[in-house]
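What follows is a single structure, written as C-alpha cells, with notes after it.
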C-alpha cells in the first residue's frame, strides 16, 4: 500500500523515508547531516513469518467507556471481546491492550508464545496466517 505525498508522488512503505528538513525538524543525532534528509533510500530487508499464534476473530467489542456512560461512572478502560468462533465465551481485555492496539470488530485478537497479545486487521492476519487445527 502506498500513500500519496504532498508533492503528488507516492511514498513506498517498503522504503525508509526521512522527512523533508524544516526548522522544527533538524538533524538531532551526532553525525546527521542535511544531505541525509534528502538522500535516496533502499528497500528494507524482507521477512517471512514462521510463527505459530493463537487467534480469535472478533465478532463484537464493548468498551467499558460505553458502559460507564450508561451507568454514570468512571471507566476502567477495559473492553469485552466476543469471538466470532462458536464455543468461545466473551472475555475481558485490559485498558493497556485497548490503548495500545485499538481493537475493532472484524479483526483478530492474537496471542503469541510467551504471553504477548495484540490485535490484527483481518486482511493482514488472513494474508499472513493459515489455520492449522
Residue match in segment 46-54 (condition: part of a strand (DSSP E or B), at pLDDT 65 or above and either touching a strand residue (DSSP E or B) at 6+ places or on another chain (Cβ under 7 Å) or assigned by TED's automatic domain parsing to the domain that holds residue 86 (or both)): yes
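Could you run through segment 66-89 and say how many residues are over 16 Å from residue 54 (Cα atoms) and either under 14 Å from the mean Cα position of the chain (by Cα) or in a loop (DSSP other than H, G, I, E, B) (or both)?
Here is the first cut: in segment 66-89, the ones over 16 Å from residue 54 (Cα atoms) are 66-80.
So of that shortlist, the ones also either under 14 Å from the mean Cα position of the chain (by Cα) or in a loop (DSSP other than H, G, I, E, B) (or both) come out as 72-78.
Number satisfying all stated conditions: 7.
The values are calculated or read from the model by the stated rules, or taken from the named source; none is laboratory data. Worth saying up front: this structure is predicted, and the values here are computed from it rather than measured. A quick note on method: Cβ atoms are made from the backbone with ideal geometry, for glycine too, and the neighbour counts reach across all protein chains shown.
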